[in-house]
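The values are calculated or read from the model by the stated rules, or taken from the named source; none is laboratory data. For clarity, every value in this text was computed on a predicted model and none was experimentally measured. Glycine also receives a Cβ, built like all others from the backbone with ideal geometry; neighbour counts cover every protein chain displayed.
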Amino acid sequence: MTSVEIEQLRVYLYVIGAGVVTVIFYYYIIYLYRSEKKGEKDYEKYGKLALDDELDSEILEKNPKLENDKKE
Amino acid sequence: MQSNATLEYDYSIVKLYMWTAVIFGIVGMTIGVLIASQLAFPSLNYLLGEYGTFSRLRPLHTNVVIYGFTVSGIFATFYYVGQRVLKVSLAESKFLQALTKLQFGLYLIAATGLVISLGMGITASKEYAQMEWPLDALIVVIWVIWGIVMFGLIGLRREKTLYISMWYYIATFLGVAMLYLFNNAEVPTIFFSGGLGAWYHSVSMYAGTNDALVQWWWGHNAVAFVFTVPIIAMIYYYLPKESGQAVYSYKLSLLSFWGLMFIYLWAGSHHLLWSTVPDWMQTMGSVFSVVLILPSWGSAINMLLTMKGEWNQLTENPLIKFMVLASTFYMLSTLEGPIQAVKSVNAIAHFTDWIPGHVHDGVLGWVAFMIMSGIMHMSPRVFKREIYSKSLLESQFWIQTIGVVLYFTSMWIAGITQGMMWRAVDEYGNLVYSFIDTVSVLHPYYTIRAVGGLLYLTGVFMFAFNVFKTATAGRRLEQEPRYRSPMA
């Protein structure tokens, strides 16, 4: 492979890579809104994590790994 | 594992990094004002012999404000925000607690080494990566310890979901780790030269255009992962918490995060427009820089909308003022950067004073405003005292805002004047101006910049005084404030 061919290959790989990631990104947007519309998720409730952040604040979703050893 | 009822968040490490942020802020910005004044009044270069020249002090300024002030701010806010949003105290793990102290000790050693070595003129000669290899290795250890503590806390968390600020802190850790290792790949010369040269000297593993590319991949992404990503982590926590308003759109915060992660890494080559790097790479740098407006503005607009219906707080609470203006400066800066990255604009802007102007409306208006307001927000919580003076904070805000405006407006005018004068040709194609002609014309703007910097530095001293007095003489608080920080 000549250096010019390698250079061209880099450009093609870059363009294809950028395209693939763009598609994944747009799919992510659709996924976020669709899952909320279907009632599977409620992303907005996580905004509360910054507000209710005391050690004794109510836990929004318990970490399942620690549920047993962190019970009061 | 202790019961929540007897447990408290452990702020001892937070306090230590808060103080280093304050001290490095003063040191770094004092040097900044001095070197800005040297550009306006060159005789100031000769105050301290070789140690006081612009060339010796400029890397000291950039390194102290980046790795001293900003990184201290990142560590202080992470150890505060991380514990709170994960609902886990560092006191729950003696191991992690000890690691934070070890990290702080090593950080102090590295910071001292940085100041001494750069002061002596020992440098690897790479922009924003001037530290020589022994210090580079020490930084890696410090960073790895941070990672262990970060993921250790995540492993112990009570909340299953990581708040968006944590995503940004994790990205800071991973992004800097990757970029730092690549950019600082260097060969200590003494091991391969038969004992020639100083033991601390090294040579980059890259050369020529490759070196420039790696350098600006790092240089630009240092802006991304030190000046942007962790600062967004801060604003996503401190603004909602201080205002008592949940972030306007959590979904938008997630989209902006992934958008920023994907796009930022490709924009670095805009520093090398019109140079010897491949043309497609320059175009890629330009295109991605323009696209970068979207995720940047996504976060900034999300923050402004968080204040929806609560704009009265802007007049009542100086900390909200700082954070809202920080968000606005972030928008300004992330619009200005892409404009400069357009090839035709860059043909004029490159190498001119418009570039430091751009950098400083970002770092002074966005980064430092957020770090200072974060520290101020934390002060009543970690010292259990009321903020010492609201009026001092208000005055600081206006003095520093005027300082930033003077800084970037003078540099806009200086930069564009400079760019136009460098390119001016007469009817025969000869250059109209010599370099010294531009220097003479720019003198008033350099003076205005130095005055702007001095105003900002005055604000930093006011801030330091306010933090110190809060810690030592503020009215004691019985209860931790829930949202708005109490101030006298």
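Residues are listed down the side, and each one gets a yes or a no for (1) within 30 Å of B:LYS321 (Cβ to Cβ); (2) among the aromatic types (Phe, Trp, Tyr); (3) modelled with pLDDT of 95 or more; (4) touching a His at 6+ places or on another chain (Cβ under 8 Å):
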site	(1), (2), (3), (4)
B:SER395	yes, no, yes, no
B:ILE402	yes, no, yes, no
B:VAL405	yes, no, yes, no
B:PHE408	yes, yes, yes, yes
B:ILE413	yes, no, yes, no
B:ARG423	no, no, no, no
B:THR447	yes, no, yes, no
B:LEU454	yes, no, yes, no
B:THR458	yes, no, yes, no
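Against the test of being closer than 11 Å to B:ALA267 by Cβ and either within 14 Å of another protein chain (Cβ to nearest Cβ) or part of a helix (DSSP H, G or I) (or both), the options B:MET284, B:MET331, B:MET323 yield a single qualifying residue, B:MET284. Selection of the range B:347-398 for residues being over 26 Å from B:GLY219 (Cα atoms) and among the charged types (D, E, K, R) yields B:ARG381, B:LYS384, B:ARG385, B:GLU386, B:LYS390, B:GLU394.
Kindly establish whether B:TYR236 is facing another protein chain (nearest Cβ under 9 Å), touching a helix residue (DSSP H, G or I) at 6+ places or on another chain (Cβ under 7 Å) and buried (at least 22 other Cβ atoms within 10 Å of the Cβ). Spelling it out, B:TYR236 is indeed facing another protein chain (nearest Cβ under 9 Å), touching a helix residue (DSSP H, G or I) at 6+ places or on another chain (Cβ under 7 Å) and buried (at least 22 other Cβ atoms within 10 Å of the Cβ). Would it be correct to say that B:MET378 is within 25 Å of B:ALA246 (Cα to Cα) and either surrounded by 14 or more Cβ atoms within 10 Å (Cβ to Cβ) or of a type in the set (Ser, Thr, Tyr) (or both)? So B:MET378 fits the description; yes. Among the residues making up the range A:34-58, those that are facing chain B (nearest Cβ under 7 Å), under 21 Å from B:TYR248 (Cα atoms) and not small (Gly, Ala, Ser) are A:TYR43, A:GLU44, A:TYR46, A:LYS48, A:LEU49, A:LEU51, A:ASP53. Residue pairs whose Cβ atoms lie under 6 Å apart, sitting 6 or more positions apart in sequence or on different chains, and linking a residue in the range B:157-173 that is in contact (Cβ under 8 Å) with a residue 12 or more places away in the chain to a partner that is outside any loop (DSSP other than H, G, I, E, B) and among the hydroxyl-bearing types (Ser, Thr, Tyr), are B:ILE164/B:TYR236; B:ILE164/B:SER253; B:SER165/B:TYR236; B:SER165/B:TYR237.
What tally of residues in the range B:406-430 results from selecting those that are surrounded by fewer than 15 Cβ atoms within 10 Å (Cβ to Cβ) and more than 15 Å from B:THR352 (Cα to Cα)?
The initial filter retains those residues of the range B:406-430 that are surrounded by fewer than 15 Cβ atoms within 10 Å (Cβ to Cβ), namely B:420, B:423-430.
Next cut, more than 15 Å from B:THR352 (Cα to Cα) only: B:425-430.
Going through the range B:406-430 one residue at a time, the tally reaches 6.
Is it the case that B:VAL140 is at negative phi, more than 14 Å from chain A (Cβ to nearest Cβ), of a type outside the set (Ser, Thr, Tyr) and free of Cβ contacts under 8 Å to residues at least 60 places away in the same chain? The answer is yes for B:VAL140. Test A:ILE30 against the stated conditions and say whether it is modelled with pLDDT of 90 or more, more than 7 Å from chain B (Cβ to nearest Cβ) and either assigned to a helix (DSSP H, G or I) or in contact with a helix residue (DSSP H, G or I) (Cβ under 6 Å, 6 or more places away or on another chain) (or both). Yes; evaluated as a whole, the condition is true for this residue.
Confirm whether B:LEU114 is touching a Gly at 6+ places or on another chain (Cβ under 9 Å) and at pLDDT 95 or above. Break it down stepwise before answering.
Working: touching a Gly at 6+ places or on another chain (Cβ under 9 Å): yes; at pLDDT 95 or above: yes.
Yes: the conditions hold for B:LEU114.
Within the bounds of the range B:353-365, is there any residue that is part of a loop (DSSP other than H, G, I, E, B), hydrophobic (A, V, I, L, M, F, W, C) and within 16 Å of B:ILE416 (Cβ to Cβ)? No, there is no match, as no residue in the range B:353-365 is part of a loop (DSSP other than H, G, I, E, B), hydrophobic (A, V, I, L, M, F, W, C) and within 16 Å of B:ILE416 (Cβ to Cβ). Checked against the criterion of being aromatic (Phe, Trp, Tyr) and more than 14 Å from chain A (Cβ to nearest Cβ), the range B:243-266 contains not a single residue that satisfies it. What number of residues in the range B:458-480 are surrounded by 13 or more Cβ atoms within 10 Å (Cβ to Cβ) and either on the phi > 0 side of the Ramachandran plot or among the aliphatic types (A, V, I, L, M) (or both)? Matching residues across the range B:458-480 total 6.
Residues checked against (1) of a type in the set (Gly, Ala, Ser); (2) loosely packed, with under 12 Cβ neighbours inside 10 Å:
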residue: A:ARG10; (1), (2): no, no
residue: A:ALA18; (1), (2): yes, no
residue: A:THR22; (1), (2): no, no
residue: A:TYR46; (1), (2): no, no
residue: A:GLU54; (1), (2): no, no
residue: A:PRO64; (1), (2): no, yes
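For the condition in contact with a His (Cβ under 6 Å, 6 or more places away or on another chain), more than 14 Å from chain A (Cβ to nearest Cβ) and either more than 30 Å from B:GLN97 (Cβ to Cβ) or at pLDDT 95 or above (or both), B:THR172 does not qualify.
Against the list (1) farther than 20 Å from B:ILE13 by Cβ; (2) surrounded by fewer than 18 Cβ atoms within 10 Å (Cβ to Cβ); (3) within 11 Å of chain A (Cβ to nearest Cβ); (4) not aromatic (Phe, Trp, Tyr), the condition B:GLY155 fails is (1). When residues in the range B:124-175 are screened for being part of a loop (DSSP other than H, G, I, E, B), more than 22 Å from A:GLU61 (Cα to Cα) and not polar (S, T, N, Q), 7 of them pass. Residues that are under 16 Å from the mean Cα position of the chain (by Cα), at pLDDT 95 or above and surrounded by fewer than 23 Cβ atoms within 10 Å (Cβ to Cβ): does the range B:7-21 have at least one? Yes, the range B:7-21 has at least one match. Among the criteria (1) surrounded by 11 or more Cβ atoms within 10 Å (Cβ to Cβ); (2) over 27 Å from B:SER299 (Cβ atoms), the one A:ARG34 does not fulfil is (2).
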